[in-house]
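Every read-out reported here was derived from the displayed coordinates using simple, explicitly stated rules and does not represent laboratory data. What you see is a predicted model, and the numbers here were worked out from it, not measured in a lab. Quick reminder, even Gly has a Cβ in these numbers, built from the backbone with ideal geometry, and neighbours come from all protein chains shown.
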Amino acid sequence: MEFLQPSTWAEALEAKAAHPDAVPIAGGTDVMVGINFGHLRPALLLDLTRVADLREWTTVAGAVRLGAGVSYARVITELGDRLPGLAMAARTIGSPQIRNRGTVGGNLATASPAGDAHPALLAADAVVEVASVRGSRRIPVTDFYTGVKRSAMDADELIAAVHVTPPSGPQQYSKIGTRNAMVIAVAAFGLALHPDRRTVGAALGSAAPTPRRAPAAEEFLAGELDAAGLWESRAELPAATARRFGELVAAASSPIDDVRGTAAYRRHALSVMARRALTWAWTDYRDESRGN
Amino acid sequence: MSTPTRTPTGAPAHLTGPGSGGVGDSAQRPDGVLKVRGEFAYGSDLWMEDMLWGVTLRSPHPYARVLAIDTSAATQLPGVHAVLTSEDVPGEKVYGLELADQPVLAVDVVRYQGEPVALVAADHPDTARRAAALIRVDYEVWEPVTDARTALGHPATDAVHESDAEVTELSRESAHLHPEGNLVRHLKVRTGDPQPTADVVVVGEYEVGMQDQAFLGPESGLAVPADDGGVELYVATQWLHVDQRQICSALGLPPEQVRLTLAGVGGAFGGREDLSMHVHACLLALRTGKPVKMSYNREESFFGHVHRHPATMRYEHGATRDGQLVYVKASIWFDGGAYASSTPAVVGNGGTMGIGPYVVPNVHVDCYGAYTNNPPCGAMRGFGSVQTAFAYESQMDALAAELGMDPVELRCRNAMEQGSATPTGQVIDSPAPVAELLRRLEAMPLPAEADGEVDLRDMPGGVSNTTHGEGVRRGVGYAVAYKNVAFSEGYDDYSTARVRLEVVGGEPTATVHTAAAEVGQGLVTVEQQITRTELGVEQVTVHPKDTTVGSAGSTSASRQTYVTGGAVKAACEAVRGQLLARAERLVGRSVPDLRLAGGQVVSDAEEIAVPLADLLGNEAVEETVQWRHRPTEAIDPETGQGFAHVQYAFSAHRAVVDVDTELGLVKVVEMACTQDVGKAINPQAVIGQIQGGTAQGLGLAVMEEILIRDGKVVNPSFTDYLIPTILDMPPMRVEVLEYADPHAPYGLRGVGEAPNISSGPAVLAAIRAATGLPLARVPVRPEHLTGTS
Ligand SMILES: Cc1cc2nc3c(=O)[nH]c(=O)nc-3n(C[C@H](O)[C@H](O)[C@H](O)COP(=O)(O)OP(=O)(O)OC[C@H]3O[C@@H](n4cnc5c(N)ncnc54)[C@H](O)[C@@H]3O)c2cc1C
């Protein structure tokens, strides 16, 4: 196995252009597992950990530009206020060791339906910035996941960063696992309320071939909030609305039975998580106005 | 996290800090610092210059005929030194712990997925793996038999509904997985009235999934060919001598030429009682003339050792209206998988102790062990008693509910005590404080209900943020269990200890040499403690565990502190006898109160104090002793009656569990345990065993299961075979009772298994209490709690 270790972003892109089969490695928490299991036998590893730019986050035109190589641990400690949904998702990932090494860029590139960053990024309307020697382009995260563990990236491209606009309203993230830590999602749900745009972001993980949004649920809720003037009044959310929202989120899934859970459970769990998450988010939204 | 150990009088015993280092002290482990620093060498760390790596090719099919094996491509790969199949096994081609029925390498037929078919040795592990992939095996694939009851011709579906399942033509044809049929053992217990009746009757069917030992150190060892044509094997195992016997038989070599030394063991729990890579590495080493290392990876480890028997159980309990048990009828089916392993003994335990620590006048138990094409099952901590405890304790709760009686009260009313007869007609002749264990649990304060600020870590689902209290209901459950200690049913159970005392650098120093496997439990510490106490010296060296001393028996059945501890004590006594005799010769008369203390021979009455250094000079005193516990006897094949077990261990648990009833997620809030250990030789190690056993029982109750579809394992990794994390295993309250067993050394009782047995049923009871659901199967999954299976 060959090992390339570029120290600048330009070198990294050149290396990837020269060796499109090279497997990039960031935290290695997916790559090394793949190698250990014999699923992955890369002829060439492209180590991105020396590229300092990837490990930085900045604020560009009001949005956070999160370098692909920023670890979950740093998302939690440094960005909990600016990217609350993603930070909550990060908190559910693996163990302290995995959160120290694992990166959002790695999660995106793996594009697993169970990746925890995805529902949070989908709900927040994130945009993925990918680059190659040909230049860079921005892919709305909604268009990023194209199949089971497949993404819209080309072979010569690398992920540079992900752009997330800080929230104008509350966000939540919930995940079901069959133990209380260090577990792959059986089903996951991300929620973002966008009062500035009067829209809702709702997305699910581990319950379809790709992470996906729940458009019918989003539109239903935004419509209900509009119609009842709830964005402005911040009055109590009718229980029936929360319940219906949960049902619509569940309906957006197309889960399977597997070793981790049944399709029926996944649907059920999504409806409960979505209902509860909305209830918490709405409570936060109401509390905000009271200056809490 | 836990309260200090307590004696029955409530006096706290110190757990840490400097003590004498003798019996009753929480002496430090000799291997402790190395392990904490990550410097301890485990079997997988073994290394020799010039060694080769051995790899196993395994069957992808649970049941198939092997039509042909073509090794030519593998042999030709550069770097490959040997490719072996069953034809290369020089001795007996089958082996086994109790019955020799398991091929060293597949002969004609494979009976489970993962069965070893061929071996490769190469100069690099990757080369060996690639070569193994080049071996062509042609299989004629057969339909596997995957249900124990079907395998035995019993209706496969539950007897409660009386539906007869079809025995298909194919399964009938393939039904004989072994020449003598699919029944490994049928144990019957019959006592009292065969047709009893009772006021109140409760019937239940229960199922326990297949648990794995999940030890962290995978199977590994290093075989080194020796000049005498024999082989030295360094291996992580549980019983060197039983390995040696089986290896000799497969290699066709005498014991003198097969020498074993224990390598660092990273956990065992029963999973290392059977051979894994032992014979394979020796075969490759003898063939190539080079040292050969084999070390399984995690996935292979799931196929490389036996698991806990899954069980299906039907129970009927009859009682009077005031809660006196009148009868218990039980049918217990253990799925032994493809080979016998220790299924006969597991059936022995499941059957003889299958109704729990209760006094019942009329008992009718049938316990079966079957061959199927599922992975072989054998020893695992709790050994046949874990499964039945789920059933009998569930029954006790169901009966209490039926009677409108408190479940602890019902248990206490029927609890065994010293002098009670077991269903096998054995009168319990040492303390059996079953009721006291339960009453003490009941008296412990309950953990506080959550209030105020929500800490997600305390919630079902943890930081995954699934509830802030919504849907959460708390339940409390109790369970009590008992388990035999040491080998039973007439087995000649002994251990051998060699103790040597000499002066090293002016200090009297003892060396204790046994073949007893240290698997993480701390036996090496116990050996040192006993030697210190018996010989009155501080310096005790533990000799490496090997086959140059006689057998110690297995590190299993909660027996080593009892049996090897007993052997070390007896060897020390023999050494002491010699020393005192020497001292008497020195002073020229007999001195009745002579004893060893502080490195001296002393007499208080005659104010004698002879330093051992002076008494011994350059000489050493050495004694080797074979020690046995009092014999047990075989049970009657028709009635199960007999003095089957030498000692019983008793423990009880109270579980407090929060369940998110809407999502089906569980948070165990607290586990409390009471256990009678007779005498805590090392109190801290006792607490460690109780906490570890509790965690493993909790794991089976709520998450640990090897899932099998059509005979194939679908979750052979720690990604999907989940074991409890620190957020799943709560803090514990532990009370340790020390009621001496007059028949055992120091009055001690085996400790390791009992808490593994009572913990899971208590968790299950608590989940039932929280949800009101009947829950007849473990592990309980979120689907079972939400009706979404
Ligand atoms: C014990 C354990 C627990 C885990 N728990 C969770 C969990 O709870 N939730 C979860 O979502 N995941 C979990 N994971 C998976 C893993 O940690 C995450 O997917 C993580 O985000 C991967 O990041 P990484 O930096 O380690 O990626 P790597 O392993 O380095 O790479 C992952 C993939 O991304 C590619 N890649 C990395 N960086 C780039 C880049 N800049 N451009 C293009 N491609 C790139 C790599 O080639 C590879 O295909 C767990 C893994 C382990 C081992």
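Details
- Each helix, a run of at least 4 DSSP H residues, gives -39500 (n - 2.57); summed and divided by the residues of chain B, these come to -7500 deg cm²/dmol at 222 nm.
- Evaluated at q = 0.10, 0.13, 0.16 Å⁻¹, a Debye calculation over the C-alpha positions of the stretch B:494-628 (equal weights, vacuum) places log10 I(q)/I(0) at -0.32, -0.52, -0.75.
- Projected label distance in nm at B:SER717 and A:PHE37, using a 7 Å step from Cα toward the beta-carbon: 0.2 nm
- Proximal lysines to B:LYS679, defined as alpha-carbon separation beneath 30 angstrom and excluding residues fewer than eight positions away on the same chain: B:LYS35, B:LYS483, B:LYS545, B:LYS569
- Choice from A:ASP258, A:ASP53, A:ASP116 with maximal GNM fluctuation in chain A (Cα, 10 Å cutoff): A:ASP258
- Per-residue mean of foreign Cβ neighbours for A:269-276 is 5 (Cβ atoms of other chains, 10 Å radius).
- Calculated FRET efficiency, B:ARG298 to A:ASP53, Cβ-Cβ distance, R0 = 45 Å: about 0.80 to the nearest 0.05.
- Kyte-Doolittle at least 0.5, axis length at least 24 Å by Cα - qualifying DSSP helices, chain B: B:683-702, B:754-771
- Simple label model, 7 Å out from Cα along Cβ direction - A:GLN97 to B:ILE726, nm: 1.3 nm
- Under a 5 Å amide H cut-off, with hydrogens placed 1.01 Å from N, B:HIS61 pairs with B:GLY114 among residues at least 5 apart or on other chains.
- Stretched out straight at 0.36 nm per residue, the stretch from B:ASP604 to B:LEU34 would grow longer than its current Cα-Cα span by 201.1 nm.
- The length gained on full extension between B:GLU417 and B:VAL504, counted as 0.36 nm times the residue separation minus their Cα-Cα distance, comes to 26.4 nm.
- The phi-based Karplus calculation (6.51 cos²θ - 1.76 cosθ + 1.60; θ = phi - 60°) puts the 3J(HN,Hα) values of the stretch B:609-620 at 8, 9, x, 4, 4, 6, 5, 8, x, 8, 8, 10 Hz, whole numbers, x for Gly and Pro.
- Furthest towards positive pole of dipole, A:TYR173, A:VAL128, A:HIS268, structure part chain A, Cβ charges: A:HIS268
- Radius of gyration over Kirkwood radius for chain B, both on Cα atoms: the Rg/Rh ratio is 0.98.
- Label positions at B:GLN195 and A:GLU11, each projected 7 Å from the Cα along the C-beta direction, are separated by 9.1 nm.
- Choice from A:GLY223, A:GLY85, A:GLY34 showing the highest fluctuation, given a GNM over chain A with Cα pairs closer than 10 Å: A:GLY34
- Sequentially through the stretch A:241-256, phi angles give Karplus couplings (6.51, -1.76, 1.60; θ = phi - 60°) of 5, 4, 5, 4, 4, x, 4, 5, 4, 4, 5, 6, 8, 9, x, 10 Hz, Gly and Pro residues having no value and appearing as x.
- Note on chain A: with a GNM built from Cα contacts shorter than 10 Å, the maximum mean-square fluctuation among A:LEU46, A:LEU83, A:LEU66 falls on A:LEU46.
- For B:LEU260, the residues 5 or more places off, or on other chains, whose built amide H falls under 5 Å of its own are B:LEU233, B:THR547.
- Fully extending the segment from B:THR541 to B:HIS178, taken as 0.36 nm per residue of separation minus the present Cα-Cα distance, adds 125.9 nm.
- With 10 Å bins beginning at zero, the pair-distance distribution over Cα atoms of the stretch B:175-279 amounts to 12, 27, 23, 19, 11, 7, 2, 0 %.
- Taking max minus min of the alpha-carbon positions on each principal axis, the protein assembly as shown gives extents of 104, 76, 72 Å, largest first.
- Dimensionless Rg ratio for the stretch B:567-630, taking C-alpha atoms and the 2.2 N^0.38 Å reference: 1.19
- Length-normalised contact order of the stretch B:83-133 in % [C-alpha pairs under 8 Å, at least 6 apart]: 33 percent
- Inter-chain Cβ neighbour average for residues B:665-673, partner chain, 10 Å: 1
- Across peptide B:780-788, the mean count of Cβ atoms from other chains lying within 10 Å of each residue's own Cβ comes to 5.
- 5 angstrom amide H check on B:VAL94, placed H, neighbours 5+ away: B:VAL104
- Relative contact order for chain B, counting Cα pairs under 8 Å that sit 6 or more residues apart, in percent: 16 percent
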